[in-house]
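Only the coordinates and a few stated rules stand behind these numbers; no lab work does. What you see is a predicted model; the values in this text were computed from it and never measured. Here the Cβ positions follow ideal geometry from the backbone for every residue, glycine too, while neighbour counts run over all protein chains shown.
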Amino acid sequence: MRIVADTALKLLVIVASTRENRFGPVVANWFAEQAGQHGDLTVEVLDLGAARLPADLTDAAPPEVTAVRERIEAADGYVVVTPEYNHTFPASIKILIDWTRGEWQAKPVGFVCYGGLSGGLRAVEHLRPVFAEMHTVTVRDVVSFHRVWGQFNDAGRHLDPAGCNAAAKAMLDQLSWWGLTLRDARATRPYGS
């Protein structure tokens, strides 16, 4: 089924890494391209490295936070592209979550993770309960890149795309189903927490 553009789900792909010389944008660009081919999604990328959210949670949100909150509020679903740092997720994604709350509610979240031997899976397992606290639905399937650094060429193309493309499609199918279902539910009955 082809979804017309005005009813397409608005997917926000969040690049969690903010470190210098990070690999996150390569993985996020690959994934955004996969999502763009899905057919029922419009895709936007939020790079936390460029967002520069302050770690000090004051009472008054600075303009950077307000702009990011608006982007999160406007989205129907999210995919967090995260590395694994010290067996968990980077502080930048926690700072984003701490600056927000109701913007996430009753929306689906998927994950693309990367790293060394574990492929970022421990970061995802730690993020699931955090996103549950935000009243989101996390989809089951994850796209994981183990020892990611040798898997992409200089142009950001995966060297052996069949497996990761299939994994992305499976996760996007789940995300799309939940996104459409929850968007319809929010339109019918406001979510209460």
Next item on the list: Count charges around Glu125 for me, please; just the other residues with Cβ under 13 Å from its Cβ, Lys/Arg as +1, Asp/Glu as -1.
Entry: +2
Item checked: Positive-end residue of Leu9, Trp177, Phe131, charge dipole of the chain with Cβ unit charges -> Trp177
Checklist line | Contact order relative to length of the chain, as percent, for alpha carbon pairs under 8 angstrom and 6 or more apart | finding: 23 percent
Checklist line | Label-zone membership for the range 66-106, site His126, 7 angstrom Cα→C-beta point, backbone N under 13 Å | finding: 82-95
Check: Per-residue HN-Hα couplings for the range 121-128, Karplus 6.51 cos²θ - 1.76 cosθ + 1.60 at θ = phi - 60°, whole Hz, x for Gly and Pro?
Finding: 5, 5, 4, 5, 4, 7, 6, 4
Check: Spin-label point model (7 Å from Cα, Cβ direction): what's the Thr181 to Arg22 distance in nm?
Finding: 3.1 nm
Notebook entry, point to check: How large is the charge dipole for the range 1-106, taken about the Cα centre, if only the Cβ atoms of Lys, Arg (+1) and Asp, Glu (-1) carry charge, to the nearest 20 debye?
Noted result: 180 debye
Margin query: If you take every DSSP beta bridge fully contained in the range 5-188, what fraction is antiparallel? Give it as a percent rounded to 5.
Written below: 5 percent
Check: Where a ≥ b ≥ c are the square roots of the eigenvalues of the C-alpha gyration tensor, would you call the range 32-169 rounded, which needs a/c under 1.5, or, failing that, prolate if a/b is larger than b/c, or oblate?
Finding: prolate
Item checked: Stretchable slack from Thr7 to Ala91, in nm (0.36 nm times residue separation minus alpha-carbon distance) -> 26.9 nm
Next item on the list: Please report, in debye to the nearest 20, how large the charge dipole of the range 5-188 is about its Cα centre when each Lys and Arg carries +1 at its beta carbon and each Asp and Glu carries -1 there.
Entry: 320 debye
Notebook entry, point to check: Around Leu48, with a cut-off of 12 angstrom between Cβ atoms, what is the net charge of the other residues, counting Lys and Arg +1 and Asp and Glu -1?
Noted result: +3
Note to self: Can you show me the helix-derived [θ] at 222 nm for the chain, built from DSSP H runs with n ≥ 4 at -39,500 (n - 2.57) apiece and divided by the number of residues, rounded to the nearest 500.
What the structure shows: -13000 deg cm²/dmol
Notebook entry, point to check: Lys169: which lysines have alpha carbons under 23 Å from its alpha carbon, excluding same-chain residues fewer than 8 sequence positions away?
Noted result: Lys10, Lys107
Checklist line | Net charge of neighbours whose Cβ lies under 9 Å from the Cβ of Gly77, counting Lys and Arg as +1 and Asp and Glu as -1 | finding: +2
